[in-house]
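Nothing in this text is a laboratory measurement; each read-out follows from the coordinates by a stated rule. From a predicted model like this one, the values you see are computed outputs, not experimental measurements. Virtual Cβ from ideal backbone geometry, glycine too; neighbours counted across all protein chains shown.
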Amino acid sequence: MSDVAAVPRTEDAWRHAWLGAAMVAFGTSARSTIAMCTSMSAMGGMSMPGGWTMPMTWMRMPGQTWPGAAASFVGMWTVMMIAMMLPSLVPMLWRYRRAIGAHGARLEALTALAAAGYFLVWAIGGFAVFTLGSVLGSVEMRYSTLARTVPIAVGVTVMVAGAMQLTAWKARVLACCRGSLGPRRLSDDAGTAWRHGLRLGTHCTRCCFNLMLILAILGLMDLVMMTAVTAIMTAERIPGGDRVARVAGAFIVAVGLVMIARAVRLA
C-alpha cells in the first residue's frame, strides 16, 4: 500500500519542481531584462530629423562588429522573450506534459527540450528583428529626408498592427495557440519534443508578431511598454481572450491615429 501511495507523491514532487524551475527562470530573466533596460535607457539615443530619437538598440558600439552586435542583441532579446513569453508558455507546456507518457526525470528533460525548441524560434526571430532594425537605422541616419517621415510611418504601423487584433486572422491564430495540443497523445521521444517546441514557437511568433512589432518601434527596452505587451499577449490566450484582443486592438488603433495626427501637425 505504501509503495502505491509513493507514486503520486513522487509525481507531485516532480511537478512542483518543474513549476518551481519555471518560476526561477521567469524571475531570473525578468531581473536581467530590467537591468538591461535600465542600462540601455541610461545610454540615451541619437536625435534625428523630424523630432524623434533613435535608440541605441539599433546602433553598434564603438569598435563592435556587426556579427558581435547581432549576437549581443539576440542574447538580450532571448532573455527578454523568456520573461515575456513564459506566462503564456507554461500552460502550453503543461498540456504537452499531460499528452506524453513519460514520468520523472525523463518527463522533465523532454519538457526542457520542448521549451528550448520554442525559444530557438524566438531567437531566430530576434536575429531577423535586429537585421531589419539595423538596416533601417542605417538608412535613416544617411538620408535626413527619409528620417523626417519616420514619425508618420510609425503611427501608421501602430494603427495597422492594432487593426490586425480585430481581424478573423487574429482570432484563428489565437485559437491555434489555445488549442496547440488537443486530447491526442504524443510520443515520449526527444525528436517529438523538439518538433513540438518548434511548432509552439512558430504558432506564437505568428500570433504575436504585430504586438512585438509595436514594441520594437515604440520602445523595445521600455519596461512599461514591455509589461503592457506581455499582459496583452498573456490575457488574449486564456479562454475568452478574443475580447481582450479586440479591446487592445481598438485602443492601439486609436493611439496610432493620435500619433499620425501629431506627426502631421509637427511636420
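The table for this structure:
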read-out: Prolate/oblate/rounded label for segment 2-266 (Cα gyration tensor, a/c 1.5); value: prolate
read-out: Axial C-alpha extent at least 24 Å, average Kyte-Doolittle at least 0.0 - helices from the chain (DSSP); value: 2-43, 66-99, 104-142, 190-219, 241-266
read-out: Amide H contacts under 5 Å for Arg60, placed H, 5+ residues apart; value: none
read-out: FRET efficiency, 1/(1 + (r/R0)^6) with R0 35 Å, evaluated for Arg206 and Ser144 via beta carbons; value: 0.45
read-out: Interchain or long-range residues, amide H under 5 Å from Ile100's placed H; value: Leu186
read-out: Listed residues Met43, Met76, Met225, most fluctuating in the chain (Gaussian network, C-alpha, under 10 Å); value: Met43
read-out: Part-to-part distance (alpha-carbon centres) for segment 15-45 and segment 211-267, which is given in Å; value: 22
read-out: Listed peptides 28-41, 103-116 by packing density, highest first (mean Cβ within 10 Å); value: 103-116, 28-41
read-out: Charged-residue dipole, Cβ positions (Lys, Arg, Asp, Glu), the chain about Cα centre, Debye nearest 20; value: 560
read-out: Pairwise FRET efficiency - Ala109 versus Val156, Cβ, R0 = 41 Å, nearest 0.05; value: 0.30
read-out: Relative contact order [Cα under 8 Å, 6+ residues apart], segment 1-124, whole percent; value: 31
read-out: Sorted by Cβ density within 10 Å, fewest first, the residues Val74, Val258; value: Val258, Val74
read-out: Contact order normalised by residue count of the chain, Cα under 8 Å, 6+ apart, percent; value: 27
read-out: Trp66-Val90 pseudo-label distance in nm [points 7 Å out on the Cα-to-Cβ vector]; value: 4.1
read-out: Dipole in debye (nearest 20) - segment 9-159, about Cα centre, beta carbon charges: Lys, Arg +1; Asp, Glu -1; value: 160
read-out: Label zone at Val264, where the point sits 7 Å out along the Cα-to-Cβ direction: segment 39-64 residues whose backbone N lies under 19 Å; value: 50-51
read-out: Rough spin-label spacing in nm, given labels placed 7 Å along Cα→Cβ, for Phe251 and Ala21; value: 3.5
read-out: Förster radius 45 Å - calculated FRET efficiency between Thr131 and Ser187, Cβ distance, rounded to 0.05; value: 0.80
